[in-house]
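Working notes for the structure below.
The values are calculated or read from the model by the stated rules, or taken from the named source; none is laboratory data. The structure displayed is predicted, hence computed values, not measured ones. Because the Cβ atoms are built from the backbone with ideal geometry, glycine has one as well, and the counts that use them run over all protein chains shown.
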Amino acid sequence: MKSEEALAYWQKRFEQFEIVQEPIEERFGRKVLPFKDFEDARYILVVDDGTRIPYGQAWTGSEVPEEYAIVGLGGVTLTVRDAAPTANVLTNLYGFEKVGSYPSKVEGQQDIAVYSSGLGGPAGEVHVEERSDLPRHREGRGSVHHVAFRVRTMAEYEAMVEQYEKLGLHSSGRIDRFYFKAVYYRDPNGILFEVSTDEPGFASDEPLETMGEKLALPPFLEARREQIEAGLKPLHFER
């Protein structure tokens, strides 16, 4: 979000669509609006002042005014029993830097640590929340399967794969997803990290102007199109 006014707009929109939300609050010096989707997955809208990693381009094909539109993906919060192993992975493997912390809302728990990459800001952060009071997670409906980090070039991707090998870490190895190349690593807390490329991109097999109007599949899944489409929930929206 570009402004606090945008958060106020989304508060009213969530009420209109009966989305479960919490009051606007401040986290790490920024105003945020926490909410849940219909499968209880948790999200937050964050005010970004635009001084760090640049905004993306707002989509103008909906009724949401451009000045209130979502302009990018922000950081992710990882909730773990012991923060130290994940902190080690973020700093020593992926090159993040700890830039601060803010208080946990749970009494008796450690402050939530903030790690930053690149130019920083909400789009370049990982927040690590240590919750020693919780049992180890079990994936179910609404779970986040993995966290993806972007590399711009194949050279950066190859360097990351070589880093896993150099450190003797067990990774997935090189995986070709057709639209991008990927490699996966699961840290000692069970967090699954993905590193993936921009290249060749999602515009490699369909025009940008009509992207999203139909389900695009990579060639190795095309034979299963009917089965895959049968398992999807329809999306209904008006242009």
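Out of all the residues in the range 107-143, which are loosely packed, with under 13 Cβ neighbours inside 10 Å and among the aliphatic types (A, V, I, L, M)?
If the condition is that a residue be loosely packed, with under 13 Cβ neighbours inside 10 Å and among the aliphatic types (A, V, I, L, M), then LEU119 is the only one that fits.
When VAL183 is evaluated against the numbered criteria (1) of a type in the set (A, V, I, L, M, F, W, C); (2) surrounded by 12 or more Cβ atoms within 10 Å (Cβ to Cβ); (3) over 30 Å from LEU90 (Cα atoms), which criterion, by number, is the only one it fails?
Going through the list (1) of a type in the set (A, V, I, L, M, F, W, C); (2) surrounded by 12 or more Cβ atoms within 10 Å (Cβ to Cβ); (3) over 30 Å from LEU90 (Cα atoms), VAL183 breaks only (3).
Here is a list of conditions, (1) basic (Lys, Arg); (2) modelled with pLDDT of 95 or more; (3) in contact with a strand residue (DSSP E or B) (Cβ under 7 Å, 6 or more places away or on another chain), and LYS36 meets all of them except one; can you say which number that is?
Evaluating LYS36 over (1) basic (Lys, Arg); (2) modelled with pLDDT of 95 or more; (3) in contact with a strand residue (DSSP E or B) (Cβ under 7 Å, 6 or more places away or on another chain) leaves (2) as the failure.
Report, by residue number, each residue of the range 14-28 that is of a type outside the set (A, V, I, L, M) and exposed (fewer than 14 other Cβ atoms within 10 Å of the Cβ).
Passing the criteria: GLU15, GLN16, PHE17, GLU18, GLU22, PRO23, GLU25, GLU26.
Got a number for residues in the range 84-101 being buried (at least 16 other Cβ atoms within 10 Å of the Cβ) and touching a residue at least 40 places away in the same chain (Cβ under 8 Å)?
The total comes to 5.
Conditions (1) under 30 Å from GLN163 (Cβ atoms); (2) without any contact (Cβ under 8 Å) to a residue 60 or more places away in the chain; (3) within 23 Å of the chain's Cα centre (by Cα); (4) surrounded by fewer than 12 Cβ atoms within 10 Å (Cβ to Cβ), marked per residue:
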{"residue": "ASN189", "(1), (2), (3), (4)": "yes, no, yes, no"}
{"residue": "SER196", "(1), (2), (3), (4)": "yes, yes, yes, no"}
{"residue": "GLY201", "(1), (2), (3), (4)": "yes, yes, yes, yes"}
{"residue": "ASP205", "(1), (2), (3), (4)": "no, yes, no, no"}
{"residue": "THR210", "(1), (2), (3), (4)": "no, yes, no, yes"}
{"residue": "LYS214", "(1), (2), (3), (4)": "no, yes, no, yes"}
{"residue": "GLU222", "(1), (2), (3), (4)": "no, yes, no, yes"}
{"residue": "ILE228", "(1), (2), (3), (4)": "no, yes, no, no"}
{"residue": "LYS233", "(1), (2), (3), (4)": "no, yes, yes, yes"}
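Results for (1) surrounded by fewer than 17 Cβ atoms within 10 Å (Cβ to Cβ); (2) under 22 Å from LEU7 (Cα atoms); (3) not β-branched (Val, Ile, Thr), shown as yes or no for each residue.
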position: ARG30; (1), (2), (3): no, yes, yes
position: VAL46; (1), (2), (3): no, yes, no
position: TYR55; (1), (2), (3): yes, yes, yes
position: VAL64; (1), (2), (3): yes, yes, no
